[in-house]
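Worksheet for the structure shown next.
The values are calculated or read from the model by the stated rules, or taken from the named source; none is laboratory data. Bear in mind that the values here come from a model prediction, so they are computed numbers and not experimental data. Cβ atoms come from the backbone with ideal geometry, glycine included; neighbour counts cover every protein chain shown. These area figures cover heavy atoms from the full protein model, side chains too; ligands, DNA and RNA do not enter into them. Shrake-Rupley method; radii C 1.70, N 1.55, O 1.52, S 1.80 Å.
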Amino acid sequence: MGLMTTQAETSAESTGKNAVLLTLAAGQFLMALDSSVMNVSIATVAEDVGTTVTGIQGAITAYTLVMAMFMIPGGKVGAMIGRKRAFMIGCVLYGSGSFTTAIAPNLPVLLLGWSFLEGIGAALIMPAIVGLVAVNFTVERRTAAYGLVAAAAAVAIALGPLIGGLATTYFSWRWVFAGEVVAVAGILVLARRAQDAPPAPGQHIDVVGAVLTAVSLGLFVYGVLRSSTWGWFIPKPDAPSWLGISATVWLMIGGVLVMWLSAIWQKRLAARGREPLVEPGLLRNRQLSGGLTMFFFQYLIQMGVFFVVPLYLSVALGLSALKTGLHILPLSLTLLAAAFGIPRLLPKMSPRLIVQLGVLEMLVGAVVLIATLDTGSSAGVVTIPLLLIGLGMGFLASQLGAVTVSAVPDDKSADIGGIQNTVTNLGASLGTALAGSILIATLTASFLNDFENNPAIPANVTQQATVQLENGVPFLSDAQAEQALKTAGVSPSVTDAALAANSTARINALRASVAILAFTAAVALLFTPRIPRTPPGA
């Protein structure tokens, strides 16, 4: 009888832990979903709230920016008041933001709900998730737990276009945010089962350090996000500049300088025996810095892929948002399988080897995608590359969360959560910006080169196109390009030449964007020796 009772208690405890894990994964899923769910519905949302496409893109950018600025202070708040309380307060803020967005009549209300309230909520929730996993799961189970949480974020980004496309096509984009309110309510109910460590005594927020860190990250990330519009170094026409250099560079330099001031301030606090926002010696931990570096590369590549592949499917091939989402599903499936399966099937395998294999799989997937992209290729060419890339992401997701948190004592897990999510936001914003700027630069160069070297196109037309498109050739489908040329009154022979040049330039641009992601994966391999050989707790 005693044995049966013990087994029943163990089974009930395991069920409870699984419920907590699914709750935390659901929270991570929601936070990541907003980064991609409206990308396929920007024009519809803009029309509905009486603004432009640029206004909605600004709202998406602002959401990323708010998260990046407040993620580290959000982690510190979790250490002060308890991870569970920070998580639940964040959920309330996030749910309020989702409700505000769902009923938004105009852009200012949309910005308040989507960009500010949801951004602040996410900055409290995401670091708390890292801390709650550390509190609720033993060292042996943490690798699998972190793998599932990380996979939930990546799957949300992959499924975002599909969910947004379905909602916008058959209902309304507002139903996505209304659904988030319901999901947050469910998460709040289930989160009560999670255990929490008591707040550390004497905790406080270094306000000066928090302001300096937020300003530095805000300047840097905003500069990165504006790079495709302003240019990386040489300013585009009518873009802000100083001394002939794009404002992108100056914002990034300003961000680095303010971060340097923040580091000096925090070292001074630590020397005086006071508590800084981030302990200066923390990043000198080889295992922690290795895990954070690999997180940065993973999200850079991941968001670059999620930028490039949907463009190919929806613009180059003209697929609907729904079909585009379906063709991205192979990545989600292999990512989930690897992130959840590896810790269960290979718990004693070297984390360093798993991470190295994951990076190699992403590299091979990118190379295969470059090789198969062509003007006559179909949607099926992305399947094998996405299976490989998803598998690689799953390999990394299965290890990196446990690697970073196991590098420090459990009472530092919320701080690490803030730093970790800041790094992933930096990687994500840089990945999107880098892929986007390479894409537009290559598209413009290839299109104008074909135009200039085509004898069928009059010289005056070539000169006019060069002047009008010097700011960048838009990434258009054949139907969009043909309609624009028809509206401009271009002759049939020039239209045919322009369509051929556009088709070739599109593929060249997509290949170049994937090539920079492949190069990034190769560089990431150089940093894998910082990942430990032995699993946490072994």
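General observations
For (1) open to solvent by 20 Å² or more (accessible area, probe 1.4 Å); (2) closer than 24 Å to residue 345 by Cα; (3) at pLDDT below 95, each residue gets a yes or a no:
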{"position": "360", "(1), (2), (3)": "yes, yes, no"}
{"position": "365", "(1), (2), (3)": "no, yes, no"}
{"position": "368", "(1), (2), (3)": "yes, no, no"}
{"position": "372", "(1), (2), (3)": "yes, no, yes"}
{"position": "376", "(1), (2), (3)": "yes, no, yes"}
{"position": "383", "(1), (2), (3)": "yes, no, yes"}
{"position": "390", "(1), (2), (3)": "no, yes, yes"}
{"position": "393", "(1), (2), (3)": "no, yes, yes"}
{"position": "398", "(1), (2), (3)": "no, yes, yes"}
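- Criterion: among the β-branched types (Val, Ile, Thr), open to solvent by 50 Å² or more (accessible area, probe 1.4 Å) and at pLDDT 70 or above - qualifying residue of 487, 495: 487
- Considering (1) open to solvent by 20 Å² or more (accessible area, probe 1.4 Å); (2) at pLDDT 75 or above; (3) small (Gly, Ala, Ser), the lone condition that residue 436 does not fulfil carries the number (1).
- Some residue of region 234-255 being under 30 Å from residue 402 (Cβ atoms) and of a type in the set (A, V, I, L, M): no
- Members of region 297-347 that are farther than 27 Å from residue 401 by Cα and basic (Lys, Arg): 323
- Test: residue in region 517-526 that is closer than 30 Å to residue 293 by Cβ and in a loop (DSSP other than H, G, I, E, B): yes
- Within region 241-258, the set of residues being under 23 Å from the mean Cα position of the chain (by Cα), surrounded by 17 or more Cβ atoms within 10 Å (Cβ to Cβ) and not small (Gly, Ala, Ser) comprises 248, 249, 251, 252.
- Each residue in region 94-112 was checked for being of a type in the set (Gly, Ala, Ser), surrounded by 21 or more Cβ atoms within 10 Å (Cβ to Cβ) and in contact with a Phe, Trp or Tyr (Cβ under 7 Å, 6 or more places away or on another chain), and 2 pass.
- Being among the β-branched types (Val, Ile, Thr) and in contact with an Asp or Glu (Cβ under 8 Å, 6 or more places away or on another chain) is true of residue 135.
- Residue within region 22-38 that is at pLDDT below 70 and in a helix (DSSP H, G or I) present: no
- Among all residues of region 291-309, there is at least one that is farther than 30 Å from residue 511 by Cβ and in contact (Cβ under 8 Å) with a residue 12 or more places away in the chain.
- Set 155, 221, 184, 176: member being more than 30 Å from residue 322 (Cα to Cα) and β-branched (Val, Ile, Thr): 221
- Counting residues in region 271-293 that are assigned to a helix (DSSP H, G or I), more than 22 Å from residue 527 (Cβ to Cβ) and modelled with pLDDT of 80 or more gives one or more.
- The conditions of being modelled with pLDDT of 80 or more, surrounded by fewer than 21 Cβ atoms within 10 Å (Cβ to Cβ) and among the polar types (S, T, N, Q) are not met by residue 203.
- Candidate set from region 317-340 (those that are open to solvent by 20 Å² or more (accessible area, probe 1.4 Å) and small (Gly, Ala, Ser)); member that is modelled with the lowest pLDDT: 321
- Criterion: farther than 30 Å from residue 318 by Cβ and not hydroxyl-bearing (Ser, Thr, Tyr) - qualifying residue of 355, 364: 355
- Residue 465 fulfils the conditions (1) at pLDDT 80 or above; (2) in a helix (DSSP H, G or I) except for a single criterion, (1).
The rows are residues; the columns are (1) under 30 Å from residue 50 (Cβ atoms); (2) part of a helix (DSSP H, G or I).
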residue	(1), (2)
80	no, yes
92	yes, yes
100	yes, yes
105	yes, no
116	yes, yes
119	yes, yes
124	no, yes
129	no, yes
132	no, yes
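- When the criteria are applied in full, residue 414 fails the requirement of being modelled with pLDDT of 80 or more and either among the charged types (D, E, K, R) or surrounded by 17 or more Cβ atoms within 10 Å (Cβ to Cβ) (or both).
- Qualifying residue in region 209-224 (condition: out of contact with any Gly (no Cβ under 9 Å at 6 or more places or on another chain), open to solvent by 20 Å² or more (accessible area, probe 1.4 Å), over 30 Å from residue 354 (Cβ atoms) and without any contact (Cβ under 8 Å) to a residue 60 or more places away in the chain): yes
- Options 343, 351: the member that is of a type outside the set (S, T, N, Q), touching a residue at least 24 places away in the same chain (Cβ under 8 Å) and open to solvent by 10 Å² or more (accessible area, probe 1.4 Å): 343
- Search result, residues across region 259-274 that are open to solvent by less than 50 Å² (accessible area, probe 1.4 Å) and closer than 23 Å to residue 218 by Cβ: 262, 263, 266, 269
- The single residue among 378, 350, 398 that is among the hydroxyl-bearing types (Ser, Thr, Tyr), out of contact with any Phe, Trp or Tyr (no Cβ under 9 Å at 6 or more places or on another chain) and over 24 Å from residue 316 (Cα atoms) turns out to be 350.
- Filter result for residue 239 (without any contact (Cβ under 8 Å) to a residue 12 or more places away in the chain and in contact with a helix residue (DSSP H, G or I) (Cβ under 6 Å, 6 or more places away or on another chain)): yes
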